[in-house]
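The structure under discussion appears below in the form of structure tokens.
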Amino acid sequence: MSSRNLIPVEGNLLLDALDARDGALLAPHLVRAECARGTVLFEVGDDVSQVTFPLDRTVTTLVVPLAGDRTVETATVGHEGAIGGVVSQGYLPAFTRCVVQIEGAVLRMDADRLREAKGASPALNDLFVRYADCLLAQVLQSVACNATHPIEQRVVRWLLALQDRLGTDALPVTQTVLAAMLGVGRSYVSGVLGTLQDRGLIVVGRGRIHLLDRGRAEAACCECHARVRRHFMAVMGAVSTEHGEILAVDVTPDAAPAQHLEPFAHGPREAAR
């Protein structure tokens, strides 16, 4: 899209992909907020009347609560996307819980204002339809992964997805959080991380997990992470760095998919950011 948007706060790739006219449809309705880690943006059964756009390195997760205080992650959303009334357009009960996993800033707006803007702009509507498809693909692939793949591969998949949104090998995630995302006990996760550390894929630090070599991690992972990334690239025109960080989305009609293949095809990380 040739001209950039008028939204005064940068940091979300969906909003940044809008041209000036479409950005102006949303800008008056966006409100910035700071969210601490663990903030629940909505709970199961809540009316999801707002859309939330994570900024920069803010990361949220959609989790399904299970019996016995267990939860399982179904999608991770950072600055590449949005959560809330994206698919339902708001005012329908949430099926999942949304939790802030990496603290930071977000932009929020009423879902009905987004619905009005999508009705006024076919291009804006198309962007969010495409994104909703990618979010659904992530959820479906997560279900398949949780059902069929070993816990070691699931851990690597989750760490790679987090690195996609942060662009760093030092991932600020604790073993307790990781256990909650995977629906297993902390002691079990500790054993899995020990195995991955023995294989030279990670180093477990205090409040951090360091992903040592992205190329080796991708080779050790199941196919689920790569499938979701390829779909996001094909549908959203996503561009990322060698470090895995998603830099931009571009769904303009004249943006050939081949232009976006090269950034995803780079080899392992050469150095930590």
May I ask you to compute the full-extension gain from VAL203 to TYR188, defined as 0.36 nm times their residue separation minus their alpha-carbon distance, rounded to one decimal in nm? 3.7 nm
With a 1.4 Å probe and every protein chain kept in, tell me what percent of the accessible surface of the chain is carbon plus sulfur. 54
Test of understanding: in a Gaussian network model of the chain with alpha carbons linked when under 10 Å, which of ARG206, ARG115, ARG186 would top the mean-square fluctuation ranking? ARG206
I want to check the label-to-label distance for THR195 and SER49. Put each point 7 Å from Cα in the C-beta direction and report it in nm to one decimal. 4.7
Taking springs between alpha-carbon atoms closer than 10 angstrom, which of ALA161, ALA33, ALA132 fluctuates most in the Gaussian network model of the chain? ALA33
Along its three principal axes, how long is segment 132-195 when you only count alpha carbons? Whole Å, largest extent first please. 35, 28, 17
Quick one: Debye curve from the C-alpha atoms of the chain, no solvent, what's log10 I(q)/I(0) at q = 0.07, 0.13, 0.14, 0.17 Å⁻¹? -0.24, -0.84, -0.98, -1.44
Could you give the nm distance between label points at LEU66 and ALA219, where each point is 7 Å from its Cα heading toward the beta carbon? 3.2
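Using the heavy atoms of the protein chains and a 1.4 angstrom probe, tell me the accessible area per residue for the chain in square angstrom.
Result: 44 Å² per residue.
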Say R0 is 30 Å: what FRET efficiency, to the nearest 0.05, do THR174 and VAL129 get from their beta-carbon distance? 0.25
If you consider only alpha-carbon coordinates, what radius of gyration and Dmax does segment 65-136 have, in Å? 13.9, 46
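With n ≥ 4 as the cut-off for DSSP H runs, can you work out [θ] at 222 nm for the chain, using -39500 (n - 2.57) per run divided by the number of residues, rounded to the nearest 500?
-12000 deg cm²/dmol
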What is the distance in Å between the Cα centres of segment 27-86 and segment 124-154? 15
Principal axes first, then extents: for the Cα atoms of segment 5-154, list largest minus smallest coordinate on each axis, whole Å, largest first. 47, 29, 28
GNM on the chain, Cα springs under 10 Å; top mean-square fluctuation among THR148, THR60, THR71 goes to THR148
When the chain is fully extended, how far beyond the present Cα-Cα distance does ILE151 get from ALA36, taking 0.36 nm per residue of separation? 38.6 nm
Please report, for the Cα atoms of segment 127-246, the Rg to one decimal and the Dmax as a whole number; what are they, in angstrom? 14.2, 43
Once fully extended, how much extra length lies between ALA144 and ARG230, figured as 0.36 nm per residue of separation less the alpha-carbon to alpha-carbon distance? 29.3 nm
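The values are calculated or read from the model by the stated rules, or taken from the named source; none is laboratory data. In this text, all values refer to a predicted model and were calculated from it rather than measured experimentally. Using ideal geometry, Cβ is built from the backbone for each residue, glycine included, and neighbour counts are taken over all protein chains shown. Side chains included, ligands, DNA and RNA excluded: accessible areas come from the protein's heavy atoms. Shrake-Rupley method; radii C 1.70, N 1.55, O 1.52, S 1.80 Å.
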